[in-house]
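Note sheet for the following structure.
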Amino acid sequence: MSSVLPPPSCVTKGQTLRNGACAQFVNYFVGNSQCGSSGQAFVDAVKSAPQPSSTCCGNALDFVSNACSCNDAVIASADLIDWDQGSISCVARATIVSNVCNPSGSQSNPCNS
């Protein structure tokens with residue numbers, strides 16, 4: 001466990017994703033070997049995931065746009081939101097490439113800038 005605590009808002013957002021409207025979408029990616037895929041293979045994996053609801057997309061985009069998925073303290077404390085470290089980044093990537101959550105492709109991942 002990190003000695004630096006993650007931002008409480010990111011913990012809350014992460015717990016909401018894991019246990020709320022996004023539970024099926026998130027659970028699909030937790031521990032999923034497809035998280036190591038890139039390009040079209042990852043896009044295809046996202047397409048085969050349970051389709052997120054509009055509430056899920058709103059929550060997931062909020063988590064991503066607030067850079068929670070690349071906050072070192074959030075990643076180091078992944079157990080606080082009942083995730084493994086790799087899944088946090090994977091769900092953020094899945095949200096960005098999802099044609100349900102990001103149909104226009106206008107939302108980018110601030111972690112990649």
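The values are calculated or read from the model by the stated rules, or taken from the named source; none is laboratory data. Here the structure is a predicted model, which is why all the values come from computation and not from measurement. For neighbour counting, all protein chains shown are included, and Cβ atoms are generated from backbone atoms with ideal geometry for every residue, glycine included.
Is it the case that the stretch 5-17 has a residue that's assigned to a helix (DSSP H, G or I), free of Cβ contacts under 8 Å to residues at least 24 places away in the same chain and under 22 Å from Asn112 (Cα atoms)?
No, because not a single residue in the stretch 5-17 is assigned to a helix (DSSP H, G or I), free of Cβ contacts under 8 Å to residues at least 24 places away in the same chain and under 22 Å from Asn112 (Cα atoms).
Against the definition (under 14 Å from the mean Cα position of the chain (by Cα) and part of a loop (DSSP other than H, G, I, E, B)), how does Pro52 come out, yes or no? It is true that Pro52 is under 14 Å from the mean Cα position of the chain (by Cα) and part of a loop (DSSP other than H, G, I, E, B).
Scanning the stretch 55-72 for residues that are in contact with a helix residue (DSSP H, G or I) (Cβ under 9 Å, 6 or more places away or on another chain), part of a helix (DSSP H, G or I) and not polar (S, T, N, Q) yields Cys56, Cys57, Ala60, Leu61, Asp62, Phe63, Val64, Cys68, Cys70.
Yes or no, residue by residue, for (1) of a type in the set (Ser, Thr, Tyr); (2) on the phi > 0 side of the Ramachandran plot; (3) surrounded by fewer than 18 Cβ atoms within 10 Å (Cβ to Cβ):
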{"residue": "Cys57", "(1), (2), (3)": "no, no, no"}
{"residue": "Val64", "(1), (2), (3)": "no, no, no"}
{"residue": "Ala73", "(1), (2), (3)": "no, no, yes"}
{"residue": "Ser77", "(1), (2), (3)": "yes, no, no"}
{"residue": "Ala94", "(1), (2), (3)": "no, no, no"}
{"residue": "Ser104", "(1), (2), (3)": "yes, no, yes"}
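Any chance the stretch 89-97 includes a residue that's at pLDDT 90 or above and part of a loop (DSSP other than H, G, I, E, B)? No, the conditions are met nowhere in the stretch 89-97.
Determine, yes or no, whether Phe42 is surrounded by 12 or more Cβ atoms within 10 Å (Cβ to Cβ), at pLDDT 90 or above and touching a Pro at 6+ places or on another chain (Cβ under 8 Å). The answer is no for Phe42.
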